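Structure record follows, encoded as structure tokens.
The values are calculated or read from the model by the stated rules, or taken from the named source; none is laboratory data. No experiment lies behind these values; they were computed from the predicted model shown. Positions of Cβ are generated from backbone atoms using ideal geometry, with glycine treated the same way; all protein chains shown enter the neighbour counts.
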Amino acid sequence: METFLLNATIYLGAAVIAVPIAARLGLGSVLGYLVAGLLIGPITGIDGGGTEGLMHFAEFGVVMMLFLIGLELDPGALWDMRHRLMGLGGLQVLLTTGVVTGGVMLMGESWQVALAVGLMLALSSTAIVLQTLTEKGLMQSAGGRSSFSVLLTQDIAVIPMLLIVPFLATGAAHHGGEDHGAVSIVEGLPGWAVALVTLGAVAIIVLGGRYLARPLFRFIESARLREMYTAVALLIVVGIATLMNMVGLSPALGAFLAGVMLANSEFRHELETDIEPFKGLLLGLFFITVGAGMDVAGFIADPIRLIALAALLMVAKATILAGLGYLFGLRRRNLWLFTLGLAQAGEFGFLLVTFSLQQGVIGNAIAQDVLTVIALSMLLTPLAFIGYEFYSRRSAERAETHEEDEIEEQTSSVIIVGIGRFGQVVNRLVRSVGFKTTVLDNNLQTVQMMRKFGVKGFFGDPTRPDLLKAAGLDTAKVLVVAVNNPEACTKIVAHARAKRPDLHIIARARDRTHVYGLYQAGANDIVREMFDSSLRVGRYVLENIGLSEFEANEAERMFYKHDRHMIRELANYWDPNLRADENEAYRERAIALDRDMESAMLTQLLASDQDPKPSRDDDKEDDDGDGGPEARKAS
């Protein structure tokens, strides 16, 4: 017990140090965990067998991850994935197993040993790939979904693999029941009985998730104890893992099935919240044990051969994955993500190595080599994702240099520059009342999509003067600058004002500092991205803490008016070369104006006679008179 606690303390301490460093370097948490384990294993002398107890404990991280993934799917979504599961995933497992088996046989091993090694190395790392895809926000891409389909197929394939391995044993070294004290209810049963017990276990999980989970959670809810939700969530995961182990199946697969069954439950989000912290911690511990479990001495004795084997494995798997991905419609970045992300061996390979060793299918020397190759390939996987990101950036740069549209000079009265989520709303409103618009954007995919919806959109760099001229700058009545890049936005406004002093320019501002720059550039109306929505939230707050609906509306209107006045006033103190808190004159004036605004608002609210005031849309007295660029408004 003391050794277990000591090892856990060392591992967790190493993670606290290594993972933030790796994250800061942009390498991701997975590589940080693996390197931490790789370093502390030989340093502390707790590598190899010393990690076994922690490894069994840490494997619950993989189980919990599959459970959470299952919660994100419902059976209908799983059925929709059937073609990729059976086609893409099935072909990957079969082809990789065949290629690796052939390669091992060429090295002089028997077909039984070669097939066992092929099964071990056909699998990829569910833990590393899904964790990395989630961290990098790639899970919902076509490449990410295809990767998930293959990983899910591989997890399912572990079941027949575990059934095949005992038949590969030569008999001389068969150790059958060596399960480290695990309770098995299928040991010694005939094949047909094992099949029935296995189906029964799966049925228990499916039926339990569908019919027993809701009554159980309602019973727990009656206790009104928050910790009971955590307890029942852990009970589900640990109980399923135990049941699957007892019948010789993958605990991760059982957890996934349970998650799918509970995906439509009203308690789904409660389960996710309770399991997520345990999953992250145990997954990290799992990665550390993988790093610490590497045979460092064996690697140092023959590094070139082992690195070459790991590289050869990844190249072979990547070639197969690239061909299958292309066959199933993946292209460019999605194809590279799919190919590089799944080229490693996986954690279930460790399970198959241990099981094959127990069954006498492979010897200890081969087992150590395979374990090292698996660990090396997993260690290289985060670097493969870095390679993908490099390719992705290069692809994006090439997309940006796509030949710009040749624009015949337009005559629309409204030009909208930037058609993202901000510009789209503006464009829809203007077009809905019959006005024509000309849209410019430097995102080719966005322009192509808008054209499919009948919007006159053109691809190109809107900061180019000739492009703005071709879009109709000389004749337009209104220019809306809705790009999300503050520097580009200010540049466009300045150019348009220089060319058209009479043009009405409406600009999108990221924040108050950007407003000041747009003032100086010559914008007529400046709209802060979050200002109106934040005001609305503030009004809802006031309505729910004692103010009447009229009083809350009045407070919102007055705040809007005073804030616009405040921005115009502070623009005279703003210095782009100083931070706001370092600009003494700006800071003092801002504090004074805040005090004045609070006093004025309280006075007006107290003096209100409940007569409706003009809405802010009709309120023009805060424009300070003259109109035109010299009387610019901001909201």
Checklist outcome for this item: In the set A471, A488, A523, the lone residue that is in contact with a helix residue (DSSP H, G or I) (Cβ under 8 Å, 6 or more places away or on another chain) and among the small types (G, A, S) is A523
Item to check | Residue list for segment 249-277, restricted to those being assigned to a helix (DSSP H, G or I) and aromatic (F, W, Y) | outcome: F256
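Residue-wise test of (1) farther than 26 Å from L151 by Cβ; (2) aromatic (F, W, Y); (3) at pLDDT below 75.
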| site | (1), (2), (3) |
| --- | --- |
| I204 | no, no, no |
| G209 | no, no, no |
| R226 | yes, no, yes |
| L234 | no, no, no |
| F256 | no, yes, no |
| A263 | no, no, no |
Next on the checklist: Considering only residues that are loosely packed, with under 14 Cβ neighbours inside 10 Å, over 36 Å from the mean Cα position of the chain (by Cα) and hydrophobic (A, V, I, L, M, F, W, C), which ones fall in segment 536-549?
Outcome noted: I545
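For every residue, the table says whether it meets (1) free of Cβ contacts under 8 Å to residues at least 40 places away in the same chain; (2) of a type in the set (D, E, K, R); (3) touching a Phe, Trp or Tyr at 6+ places or on another chain (Cβ under 7 Å); (4) in a helix (DSSP H, G or I).
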| site | (1), (2), (3), (4) |
| --- | --- |
| F348 | no, no, no, yes |
| L352 | no, no, no, yes |
| L357 | yes, no, no, yes |
| G360 | no, no, no, no |
| D369 | no, yes, no, yes |
Next on the checklist: For segment 414-442, give me the residue count where each residue is among the β-branched types (V, I, T), assigned to a loop (DSSP other than H, G, I, E, B) and more than 29 Å from the chain's Cα centre (by Cα).
Outcome noted: 1
Checklist entry - What residue, among those in segment 153-189 that are of a type in the set (D, E) and part of a loop (DSSP other than H, G, I, E, B), is modelled with the lowest pLDDT? => result E178
Checklist entry - Do we find that L235 is surrounded by fewer than 18 Cβ atoms within 10 Å (Cβ to Cβ) and within 30 Å of M161 (Cβ to Cβ) in this structure? => result yes
Item to check | Residue satisfying all of: in segment 288-313; at pLDDT below 75 and part of a helix (DSSP H, G or I); farthest from F348 (Cα to Cα) among these | outcome: G291
Checklist entry - Looking at this structure, is I567 of a type in the set (V, I, T), crowded, with 18+ Cβ neighbours inside 10 Å, out of contact with any His (no Cβ under 9 Å at 6 or more places or on another chain) and within 18 Å of A590 (Cα to Cα)? => result yes
Checklist entry - Any chance segment 369-376 includes a residue that's at pLDDT 85 or above, buried (at least 16 other Cβ atoms within 10 Å of the Cβ), under 27 Å from N245 (Cα atoms) and among the polar types (S, T, N, Q)? => result yes
